[in-house]
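The values are calculated or read from the model by the stated rules, or taken from the named source; none is laboratory data. This structure is a prediction, so every number in the text was calculated from the model and none was measured. Virtual Cβ from ideal backbone geometry, glycine too; neighbours counted across all protein chains shown. Quick note on the areas: whole protein, heavy atoms, side chains included, nothing else; ligands and nucleic acids left out. Shrake-Rupley method; radii C 1.70, N 1.55, O 1.52, S 1.80 Å.
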Amino acid sequence: MNATSCSGVLPQMKLSHSDHKLSIGRSCSSSRSLGFDSCHSSKRLRLPKQLTVSCSTPSDKGDMFGVSHSCKKSPVGETLCPAGVYTYAGTVESHSHTAEEKVGVLLLNLGGPETLQDVQPFLFNLFADPDIIRLPRLFQFLQQPLAKLISVLRAPKSKEGYAAIGGGSPLRKITDEQANELKKALKSKDLPVNVYVGMRYWYPFTEEAVQQIKKDRITRLVVLPLYPQFSISTTGSSIRVLQDIFRKDAYLSRLPVSIINSWYQREGYIKSMADLISKELETFSEPAQVMIFFSAHGVPESYVKDAGDPYKDQMEECIFLIMKELKSRGINNEHTLAYQSRVGPVQWLKPYTDEVLVELGQKGVKSLLAVPVSFVSEHIETLEEIDMEYKELALESGIENWGRVPALGCTPSFIMDLADAVIEAAPLAKPMSTPRTTSEEVDHDPARYAIKLFFGSFLAFILFFSPKMIMAFRNHLI
């Protein structure tokens, strides 16, 4: 089925109140012009009563795949739905008509070093990701050497940060707790599932989680990245890894998958954020005078301008929705948004958090509440960068009263909303079908490869050892 509208992705569905099951039907037809067969199957997925699956969003903006908020096909074969869920069109092979559905949920996150010894290899994994450092094709063979260089240079400073928060990242522990709470929430909603955790740059790696999913013979999978807003460098990178794994495996390539690529606009998430903000405002002596300071993780400016990353637009819309919810509760504080955690000698999204804090102090702001809006778990960027570095900078700049909203973590209303998102996404699952694009194919011409290697190495030597580059590394990476 080549879906071009929400009605095409999700036909009218009704639940049977007698058995609380959702019937999912497919018509059996062959479409040579579209390049795939659509096979008929009838399954029953156990879901709660009165489920409404909607395709709606308060935004009319598109996303990185060039898809507006009416459901359309993306260049890589996904069908995207405005609620942030997309599924894959392609060859559909049904499971046994009598087999029971075994639903899995895969939570995706960044990962983090659990000991100081883990820091350098974790950084290597991070910077070896082509979605983090985007090199031209001519220089892609330098990805790992460059990652090694950066990780070695940056490790000492990063170790200091992790030592300051106890010697390692709490991200894995918190994500495991979120997985357990999500499993309980889904069970309470009559959808028993297996929940898996896959980290992008540290254990348990996404590849490990996928192997366990295969071992458990999951028949339907919902992928839930724990990033509210979509970015090429977060959700996009993790999805690319999944695509690579699934396309190479016969079982996984037939597994129906639904990916929730963003969920910043969900009512439950917005209200949960507003709850935390309003609660922290009450800790100030004059709540109405507090500046609400949203600090988001930054991305290179080129991601947005050149690669079409929707992150900036989604972040701004997210802030708008949170403030709208706060205003509906009578909270009309001033607010601002800035971006933190920039690395390297390139332009990142502005304004920068450290610069804005200094400006606010100079303007006479005395009370400030920091809101880590990109993060749903505590980790080094909240516990060390915001709580220590930015707090100290703010106080030095003249801000007298500092507060910080905690990450959502296992907040019950947030977990229940994630459970609802999973339930809404599950019926949309279809097998992945992501054929290799021309740019992904290996160049087998030895002469061309040798030329690229020679000139690439020569230019890299000049680049790495030029005074300007050495100074850039000294200023931005050490």
* Asked: What do you reckon, is Asp190 open to solvent by less than 30 Å² (accessible area, probe 1.4 Å) and in contact (Cβ under 8 Å) with a residue 24 or more places away in the chain?
  -> no
* Any chance you could count how many residues in segment 318-350 are over 20 Å from Pro228 (Cα atoms) and polar (S, T, N, Q)? => 4
* Test: residue in segment 127-149 that is assigned to a helix (DSSP H, G or I) and either in contact with a strand residue (DSSP E or B) (Cβ under 9 Å, 6 or more places away or on another chain) or of a type in the set (Val, Ile, Thr) (or both) -> no
* Structure fact -> Reported set for segment 388-408 where residues are open to solvent by less than 10 Å² (accessible area, probe 1.4 Å) and within 30 Å of Ser258 (Cα to Cα) is Leu408
* To do: Could you figure out which of (1) open to solvent by 30 Å² or more (accessible area, probe 1.4 Å); (2) closer than 23 Å to Ala419 by Cβ isn't true of Ile132?
  => (2)
* Within the set of pairs 6 or more residues apart or between chains, which connect a residue that is open to solvent by 60 Å² or more (accessible area, probe 1.4 Å) inside segment 144-157 to a residue that is among the aromatic types (Phe, Trp, Tyr) with Cβ atoms less than 7 Å apart? -> Lys148/Phe124
* When you scan segment 205-222, how many residues do you find that are over 25 Å from Ile423 (Cβ atoms) and out of contact with any helix residue (DSSP H, G or I) (no Cβ under 8 Å at 6 or more places or on another chain)? -> 3
